[in-house]
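Chemist: My questions will all concern the structure given below.
The numbers here are math on the coordinates, done by the rules we state, and not lab data. Note that this is a predicted model, so its numbers are computed, not measured. All Cβ positions, even for glycine, are placed from backbone atoms using ideal geometry, and neighbour counts span all protein chains on display.
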Amino acid sequence: MRNPIVALGLGSNLGNSIENLRGALAALKKSDLFKVLDVASIYESDALLPPVSQPTWNKKFLNSVVLTELLRAADPVDILAEIKRIELSLGREASERWAPRLIDIDVLCWSGGLYKSEQINIPHSSLLDRPFALLPLLEVWPEAKFELPWDLPLWAQSYVEKKPFNTFRSSDFFWPKMVGILNITQDSFSDGGQFLTAASLTAQLEKLVKSGADIIDIGAESTRPGAKPVDSETELKNLHWALSEVKRASEELNLNIKISLDCRKPWVVERVIEHHKIDYLNDVGGFSDIAMQQILKSSRLPAFVMHSLVVPPQPDRMLPDDCDPFNFLSSWWNDKTAKLGEKGISEDQLVFDMGIGFGKTRIQSMYLLQNLNQFSNIKNKIMIGHSRKSFQTLFSDRPAAERDLETALVTQKLNLAYSQYLRVHDVQIQKIALTTKALMS
């Protein structure tokens, strides 16, 4: 018999609201009570206020719903205690009932039937008065309407455009952070040689940031199959030039940019971070090199840790067809985090990248992307690097440079509870895909 399903409503209108929601999702994934199944879109709404309130209380909310399954026996009072613990861990402080809040987590509905006590009522007694809770609930768990003892209000129908409290699915805020790819290489698989002048680099940088990139991932070595090796001196020279141009352009254009360094050579990484501000490290070798591990430890930077069998990938080095990629990668990640932990590296620094296109067959890659919830045992944030990759030739014969549409079709199907970072070539198209995903749900 399946454990109870629990829908948790999230809300924030104080501080950086989208980061507060992301932090709540991360905390729920780490909880020993909840298995996260899925997340609804981000919704925007006006604040719910009493007839008389402080003017400063009228702040816009971001809201969503996280669908979970209980991992162990627990009654609603136990559930309430756990979400209150999580709220406190995220920095919520006691305040007046209607005041703005850093994070609010509510039990909206569960599959365990009606429950009433002094501490908690399930379903949430005000659910039909709160479109910012009911709409994302129905999006992520349509069957919830059969758990509710009331008829749904007319505005809950998808064909009714105007919702109370000006509630709507956001087209500006999304669960994943967008990592825009900026390759400073001659032979990258889809855009090699395109951004090797100051003008072309600046234009691409501006395009990525203005279309919504949170992070720019800069690399000067191609890791495509058959790529030509780049010596360390040349790679360092190209990175220094590119990062200097990025700094100049960001100051001139007033762009707020975080930089990820896509590099697997410790000698190069050391010299880059001596002269440039780097916010993330990205190693397609999975920080297997002892010198890279030392850099990760001393820098304390967050890092994208990618699985690969060999770099560059080779057609004859793949996981066997009869290998369950989830079991294999989960075991690899447990071993990787344990070994890095022994080196004094904090697990909070580590972002899991399953390495789509590196040692997985096309079918295995599709299977991974279609079933991301099977990574529920991985509590770290997850990077998805699926942009223009060769697995898309399963359903498209277009060349890699033209596969942003194909990438977007895959993006629409991703479980965003397990997609904290999306590493993509065209940010705008992927954001449109996420917006359409919400509208079509």
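Chemist: Counting Lys +1, Arg +1, Asp -1, Glu -1, what net charge surrounds residue 127 among other residues with beta carbon under 13 Å of its beta carbon? Please list the in-between numbers first.
Modeler: Numbers: positive: 130, 145; negative: 106, 129, 147, 151.
Around residue 127, the surrounding residues sum to -2.
Chemist: While we're on this one: Where q = 0.09, 0.13 Å⁻¹, what log10 of I(q)/I(0) comes from the Debye formula for the chain, counting one point per Cα?
Modeler: Debye curve over Cα of the chain, log10 I(q)/I(0) at q = 0.09, 0.13 Å⁻¹: -0.62, -1.21.
Chemist: Continuing with the same structure: Could you work out the relative contact order of the stretch 5-169, using alpha carbon pairs under 8 angstrom and six or more residues apart, expressed as a whole percent? If you can, show how the numbers build up before the last one.
Modeler: Working: 297 pairs, mean separation 51.9, N = 165.
31 percent.
Chemist: Here is a follow-up. Too long at a 27 Å Cα-Cα cut-off: which of 30/162; 162/431; 265/360; 265/343; 381/413? It would help to have the intermediate numbers written out before the result.
Modeler: On the way: 30/162 37 Å; 162/431 23 Å; 265/360 23 Å; 265/343 19 Å; 381/413 18 Å.
30/162, as the Cα separations exceed 27 Å there.
Chemist: Next question. Out of the DSSP beta bridges found with both residues in the chain, what percent are antiparallel (nearest 5)?
Modeler: Here the share of antiparallel DSSP bridges comes out near 45 percent.
Chemist: Which of 179, 410 has the fewest other C-beta atoms within 10 Å, and how do the rest follow up to the most? Show your work: numbers first, answer last.
Modeler: On the way: 179 26, 410 23.
Sorted ascending by nearby Cβ count, the order is 410, 179.
Chemist: Roughly how tilted is helix 17-30, in degrees to the nearest 10 and between 0 and 90, from the longest Cα axis of the chain?
Modeler: 90 degrees
Chemist: Apply 1/(1 + (r/R0)^6) to the Cβ-Cβ distance of residue 301 and residue 129, taking R0 = 60 Å, and write down the FRET efficiency to the nearest 0.05. Please list the in-between numbers first.
Modeler: Details: r = 45 Å, r/R0 = 0.75.
The value I calculate is 0.85.
Chemist: What percent does the relative contact order of the chain come to when contacts are Cα pairs within less than 8 Å and at least six residues apart? All intermediate terms of the calculation are to be shown ahead of the outcome.
Modeler: On the way: 813 pairs, mean separation 63.8, N = 441.
It rounds to 14 percent for the chain.
Chemist: A further question on this structure: If neighbour count is taken as other Cβ atoms inside 10 Å, put 393, 56 in order from fewest to most. Don't skip to the end; give the middle numbers.
Modeler: Details: 393 14, 56 8.
With the sparsest Cβ surroundings first, the list reads 56, 393.
Chemist: Give the order of 289, 321, 172 when sorted by the count of other beta carbons within 10 angstrom, beginning with the fewest. Kindly include the intermediate steps, with their values, before the conclusion.
Modeler: Numbers: 289 15, 321 8, 172 11.
Least to most surrounded, the residues fall as 321, 172, 289.
Chemist: Right, another one. Once all Cα-Cα distances of the stretch 177-440 are split into 5 Å bins that start at 0, what whole-number percent is in each one?
Modeler: Per 5 Å bin, starting at zero, the Cα-Cα P(r) for the stretch 177-440 comes out as 1, 6, 13, 18, 20, 19, 14, 7, 2, 0, 0 percent.
Chemist: Let me ask something else about it. For the chain, what does the helix formula give at 222 nm: sum of -39500 (n - 2.57) over DSSP H segments with n ≥ 4, over the residue count, nearest 500 deg cm²/dmol? All intermediate terms of the calculation are to be shown ahead of the outcome.
Modeler: Numbers: 11 runs with 144 residues, N = 441.
For the chain, the value works out to -10500 deg cm²/dmol.
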